[in-house]
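**Q** The structure under discussion is supplied below as structure tokens; questions concerning it will follow.
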Amino acid sequence: MAQGHRPDRVGDQIRQELSDLLSRGAVHDPGIGFITLTRVKMSPDLQLARVFYTMMGEAAARRETAAALERATPFLRRQIGSRLRLRRVPEIDFRFDESVAHQDRIEQILRDLHEEDAQRAADSKDDATEDTDGHDHHNH
């Protein structure tokens, strides 16, 4: 039973350490833009860490970041090796997280729809009488 959770636990630790390294600028490569590590999927034998990330930017920026991450992988792997007590440091494979890109797009569409609804409600409310609760409602 415990064995099943270990890959998840190790994956979380690796994500934490890599996020820390990347956010503190341990990798001096301008090609790595602002990226967010979304999840780490460990192979059951803990030999491979597939690190999913997302970032803003167009395809060219994404290619640049992918190349920079590849250049930084040996360094990051050594860092993981020295920070985490693992028998064997897993291979690290960075992957752009497509699922998050789709998720962001869906959330943006939902936000837009929500704003349209709110605007419609506000427009129809203006036609009615003023607020009955006596509070001023100002948008800041």
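**Q** Provide the gained length on full extension for the span Glu70 to Asp93, in nm with one decimal, where the gain is 0.36 nm per separating residue minus the Cα-Cα distance.
**A** Answer, rounded to one decimal: 7.5 nm.
**Q** So, with +1 on the Cβ of K and R and -1 on the Cβ of D and E, and no other charges, what is the size of the charge dipole of the chain about its Cα centre, to the nearest 20 debye?
**A** Here the chain has a charge dipole of around 1960 debye.
**Q** On to the next question. Helix 59-83: angle to the longest alpha-carbon principal axis of the chain, degrees 0 to 90, nearest 10?
**A** 50
**Q** Another question about this same structure. By counting other Cβ atoms within 10 Å of each Cβ, how are Val89, Val51 ranked from fewest to most?
**A** Ordered by Cβ neighbours within 10 Å, fewest first: Val89, Val51.
**Q** On the principal axes of its Cα set, how long, how wide and how thick is the chain? Give whole Å, largest value first.
**A** 71, 42, 24
**Q** Could you tell me the calculated FRET efficiency between Arg111 and Ser19, based on Cβ-Cβ distance and R0 = 22 angstrom, to the nearest 0.05?
**A** So the FRET efficiency works out to roughly 0.25.
**Q** What nm distance separates the two modelled labels at Asp12 and Phe34, each placed 7 Å from Cα along Cα→Cβ?
**A** Once both label points are built, they end up 2.7 nm from each other.
**Q** With the contact rule set at Cα under 8 Å and sequence spacing of 6 or more, what percent relative contact order holds for the chain?
**A** Across the chain, relative contact order equals 22 percent.
**Q** Hey, what angle do you get for helix 2-23 against the long axis of the chain, alpha-carbon based, 0 to 90 degrees rounded to 10?
**A** That works out to roughly 80 degrees.
**Q** For the chain, what is the mean residue ellipticity at 222 nm derived from helices alone (per DSSP H run of n ≥ 4: -39500 (n - 2.57); sum divided by total residues; nearest 500 deg cm²/dmol)?
**A** Value at 222 nm, helices only: -19500 deg cm²/dmol.
**Q** Region 1-77: which GluC sites (Glu not before Pro) are DSSP loop and have at most 13 other beta-carbon atoms within 10 angstrom?
**A** Those satisfying the criteria are Glu58.
Each value in this text was obtained by applying a stated rule to the coordinates, not by laboratory testing. Quantities reported herein were computed from a predicted structural model and do not represent experimental measurements. Glycine also receives a Cβ, built like all others from the backbone with ideal geometry; neighbour counts cover every protein chain displayed.
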